[in-house]
1. Roughly speaking, what is the stretch gain from Asp250 to Ala367, that is 0.36 nm per residue apart minus the C-alpha to C-alpha distance, in nm to one decimal?
2. Give me the one-decimal Kirkwood hydrodynamic radius in Å for the stretch 209-291, with the sum taken over alpha-carbon pairs.
3. To two decimal places, what compactness ratio does the stretch 82-232 give when its Cα radius of gyration is scaled by 2.2 N^0.38 Å?
4. For His25, what charge total do you get from the other residues with a beta carbon under 14 Å from its beta carbon, if Lys and Arg give +1 and Asp and Glu give -1?
5. Taking the full set of protein chains and a 1.4 angstrom probe, give the accessible area of Arg207 in square angstrom, rounded to the nearest 10.
6. Going by accessible area, probe 1.4 Å, with all protein chains left in place, what is the ranking of Asp329, Asp120, largest first?
7. How much FRET efficiency would the formula 1/(1 + (r/R0)^6) give for Ala152 and Glu301, where r is the Cβ-Cβ distance and R0 is 35 Å, rounded to 0.05?
8. Quick one: accessible surface of Ile318, probe radius 1.4 Å, all protein chains present, in square angstrom to the nearest 10.
Amino acid sequence: MRAHSVFADMPTTIFETMSGLARTHQAINLGQGFPDSPGPESLRRIAAEALMTGSNQYAPSRGLPDLRQAVVEHYGRMQGVPLEVEGVLVTSGATEGLAAAILAFVSPGDEVIVFEPAYDAYRPLIERAGGTVRVVRLQAPVWRLSEPDVEAVIGPRTRVVLFNNPHNPTARAFDAAEVSALARLCVRHDLIAISDEVWEHVIFGGRRHRSLLAEPGMAGRTLKIGSAGKMFGMTGWKIGFVCGAPDLVDPVAKAHQFLTFATPPNLQTAVAVGLAWPDDSFRTMADDLQRSRDRLAAGLERHGFVLTTSEGTYFLGIDLAASGVAVGDDMFCRRAVAEFGVAAIPVSAFVTAPQDGAVVRLCFAKADDVLDLAIERLGRARGMSASTA
């Protein structure tokens, strides 16, 4: 019996491939995006106490009332996003929220715009719902969103735009002009926007996140997706939020009830407390990550690497061609993990058209000594790759 072609024909993900090679070669893993630290102790203690003294039965499918109210207040305070409790759905991670949103709004034959390089879950979720992916390619090294490029792929069957800001894997935090341009296109062409904003608190340089949901004309057509795991640096907690107008969120909630139905109540209790933290707490967490980014960037630049801009997320990119490295990103990553003990991710793995890319993604949410050792090893990898290619 044959499985559905979307999954039967799917190769092993680049994350599993590179993490497996990292284990085989006992390498430093800067490929997968998760921090070394265990996360805020105060929230972990609240979750532990709730596990022991609170309910361990099904939570309400749409989420604990306290958490949904906390989401409304948090986004209203920090981003000026107007929400109602009825417009907040709690999911078992942001990816489940994405899946529920896509199942709710993508029908067979619908077209969905995706910006590549793109998070690798987008395409299979869209195609399994029967949709067709229409690609807008962001060009290295600036990765800028172009309004004419987006408009060029919009056709009569285009229904949804799937937008990711800050953007994984490029580490762009799109600016006000880019976000406003996309909003204008959505309004002009009557499109639904699924806005993956999981990195919204991991943004650098003193900038504040600009949510697509807050743009003129977007309140009734945008599903904003957030992630407590990314907010608090505990990616294993898998608490996501789908936010928007109640009539948009309602069909997503109906899809969610047939995916995971509900989400662990003790984790929801802790996240509700964390969302009420002062704004400075979130800025402090971003500042700590920025210091790690700067440490890795400075070390790589000392070895002659040229980097792409890292404005948000846990990632920065090495521009191999600009660095004088004469191999593509996939070969560089495979040789770096096997010969020099550092696992990274080739950005070409996030595009669909076969190509030999030139940008390598590294995760800097690691301890200083781990980053320092990775810098030293990558410095040697640069010399070897350039001289033997």
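The values are calculated or read from the model by the stated rules, or taken from the named source; none is laboratory data. Note that the structure is a prediction, hence the values are computed from the model and not measured. We place every Cβ from the backbone using ideal geometry, glycine too, and count neighbours over all the protein chains shown. Calculation scope for accessible area: heavy atoms of the full protein, side chains included, ligands and nucleic acids excluded. Shrake-Rupley method; radii C 1.70, N 1.55, O 1.52, S 1.80 Å.
1. 37.9 nm
2. In the stretch 209-291 this quantity evaluates to 14.6 Å.
3. Ratio of Cα Rg to 2.2 N^0.38 Å: 0.97.
4. The answer is +3.
5. Accessible area of Arg207: about 90 Å².
6. The ordering from most to least exposed comes out as Asp120, Asp329.
7. That pair, Ala152 with Glu301, gives E of 0.45.
8. Probe radius 1.4 Å; accessible area of Ile318 about 0 Å².
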